[in-house]
Amino acid sequence: MDRFFPDIPYVRYEGPDSRNPYAFRYYNPDEVILGKTMKEHLRFSMAYWHTLCATGTDPFGRGTAVRPYEAEAKTPLELAEIRMRAGFELMKKLQIPYFCFHDCDIAPEGSSLTEFAKNLDIMADLAEELMAETGIKLLWGTANLFSHPRYVHGAATSCSADVFACAAAQVKKALDITHRLKGENYVFWGGREGYETLLNTDLALELDNLARFLTLAADYADKIGFTGQLLIEPKPKEPTKHQYDFDVAGVLGFLRKYGLEGRFKLNIEANHATLAGHTFQHELAMARINNLLGSIDANQGDLLLGWDTDHFPTNLYETTLCMLEVLKQGGIAPGGLNFDAKVRRGSFAPEDLFLAHIAGMDSFARGLRIAARIIEDKALDEFVDRRYRSYQSGIGAAIVKGEATLESLAAYAYTLDEVKLESGRQEYLETLINLYL
Ligand code: XUL
Ligand code: CO
């Protein structure tokens, strides 16, 4: 497998002292940490769209990406085939065990839904072949319900019932292919499910329709025997001003209202969390405590920019806090860490795709190592347990057990001469984390 990236070697673990740019310094796939290999903990995945399809365009300029192998292609199907083969070479060389795709990433859309479906079958055949050859697996599939012009007013929340039906056809096909390729999850990111102005929007109908759509999709997944996890990916803005799946709390309320809790979990993306005004850790923790943490889109935003920049993750503080949440949950499987991240427009060379993934993988591997030490030392847990010890006995235990009434609490409060409080020690705890970094 040296056809598309002939100058790039197979990337191996060489340890922290290595200065070889094509080596892992922290990601050692078979090393065991807290009872599991790093490969099992991290479940890395390549995002097909950013890595194989993106060209580096932005609103001010054309694509910059240099992908010499694409020149061989004479038709859209040939281009799709070359990209897929290149993708498997890249994943193999980087030891990435999973990938994720949108329907239109892997196959040309052609001029009709019928042609698109045919192309998807052709490309699924090739994917199946390459997966068998390499052992690389599908983390999740999804349908792109936002790029085609018919989705200008949304897909499941479009004002047009015909568009709702086209979106359903796309999801049906994407679910069929994900099932065929033994995908371990299926993702619904809202795309254009949201609105720009209430002056032209029937908010109640759009939300009911979104729930109807998700119910139909979940029913179909059951019908075909797809046992993978169904995931909703919250995002607060972009492309629409008001996205319906704003954040974990918003999606949780939606799932509860429409009786969908238990059928869907969440795919939490770092950059979406910060756009919602939360930290990545907050969104992970909110999902975890509500039994909704299903998978992760591993990237990072730019604090100075207010949109979804999808940088490769290199911030160790963030990867550490993320892995703390993953470890607290007992792992992320059947989800994984999908690099929904793109190289910067200036990083246009083919080798940048490798260097960027190495940066992301090593940053999460190091985050895992640090988080494991924090957990082993019980460095934070003991502090937090102690901080809430007033709920373990006396009046606190009565509150937690539901034995207290407003009257019993008032009677108790009147007996208190003074309330004793302790410092939250935030700066001390931040220093403690720094000691592990
Ligand atoms: C968009 C985004 C998507 C989803 C899949 O911001 O994150 O790529 O992950 O549709
Ligand atoms: Co994403």
Check: Just how many % of Cα pairs in segment 197-241 lie over 14 Å apart, if you round to the nearest whole percent?
Finding: 66 percent
Check: How many percent of the accessible area of the chain is carbon or sulfur, using a 1.4 Å probe?
Finding: 54 percent
Next item on the list: Name the residue farthest towards the positive end of the dipole of the chain from the options Asn28, Ile177, Ala47, assuming +1 on Cβ of Lys and Arg, -1 on Cβ of Asp and Glu, about the Cα centre.
Entry: Asn28
Check: Under 5 Å between amide H atoms, partner at least 5 residues away or on a different chain: which partners does Lys265 have, H built in plane at 1.01 Å?
Finding: Leu230, Leu231, Ile232
Next item on the list: Please arrange Thr197, Thr142 by accessible surface area, largest first, computed with a 1.4 Å probe and ligands excluded.
Entry: Thr197, Thr142
Next item on the list: Pairs of lysines 8 or more apart, or on different chains, with alpha carbons under 16 Å: count those in segment 17-176, would you?
Entry: 7
Note to self: Going by amide H atoms built from the backbone, whose H comes under 5 Å of the H on Leu337, apart from near neighbours?
What the structure shows: Phe44, Ser45
Next item on the list: Would you kindly give the portion of the calculated P(r) for the chain that falls above 34 Å, as a percent of all Cα pairs?
Entry: 36 percent
Next item on the list: State to the nearest 20 debye the size of the charge dipole of segment 207-260 about its Cα centre, where the only charges are +1 on K and R beta carbons and -1 on D and E beta carbons.
Entry: 120 debye
Next item on the list: Quick one: angle between helix 426-436 and the longest Cα principal axis of the chain, in degrees between 0 and 90, rounded to 10, please.
Entry: 50 degrees
Next item on the list: Have a look at Leu94, Leu406, Leu355 and tell me which one the Gaussian network model of the chain (Cα, springs below 10 Å) gives the largest fluctuation.
Entry: Leu406
Next item on the list: Please give the per residue accessible area of the chain, computed with a probe of 1.4 Å over protein heavy atoms only, in Å².
Entry: 48 Å²
Notebook entry, point to check: Looking at the P(r) of segment 253-388, how many percent of alpha-carbon pairs lie beyond 18 Å?
Noted result: 59 percent
Checklist line | Amide proton proximity set for His242, modelled H, under 5 Å, gap of 5+ | finding: Tyr195
Margin query: On a straight-distance basis, which aspartates and glutamates could pair with Lys265 in a cross-link, Cα separation under 12 angstrom, same-chain partners fewer than 8 positions away excluded?
Written below: Glu233
Check: List the aspartates and glutamates whose alpha-carbon lies under 14 Å from that of Lys342, not counting same-chain residues fewer than 8 positions away?
Finding: Asp58, Glu269, Asp297, Asp302, Asp308, Asp310, Glu351, Asp352
Notebook entry, point to check: With each run of n ≥ 4 DSSP H residues scored as -39500 (n - 2.57), what mean residue ellipticity at 222 nm is computed for the chain after dividing by its residue count and rounding to the nearest 500 deg cm²/dmol?
Noted result: -14000 deg cm²/dmol
Next item on the list: With a Förster radius of 22 Å, plug the Cβ-Cβ distance of Lys223 and Ala169 into 1/(1 + (r/R0)^6) and report the FRET value to the nearest 0.05.
Entry: 0.90
Note to self: Which of Asp247, Asp121, Asp297 ends up with the largest GNM mean-square fluctuation for the chain, with Cα atoms connected below 10 Å?
What the structure shows: Asp121
Checklist line | Cα pair distances of segment 141-293 binned at 10 Å [whole percent] | finding: 11, 42, 38, 9, 0
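The values are calculated or read from the model by the stated rules, or taken from the named source; none is laboratory data. The structure displayed is predicted, hence computed values, not measured ones. We place every Cβ from the backbone using ideal geometry, glycine too, and count neighbours over all the protein chains shown. Heads up: the accessible areas ignore ligands, DNA and RNA and are worked out on the full protein's heavy atoms, side chains in. Shrake-Rupley method; radii C 1.70, N 1.55, O 1.52, S 1.80 Å.
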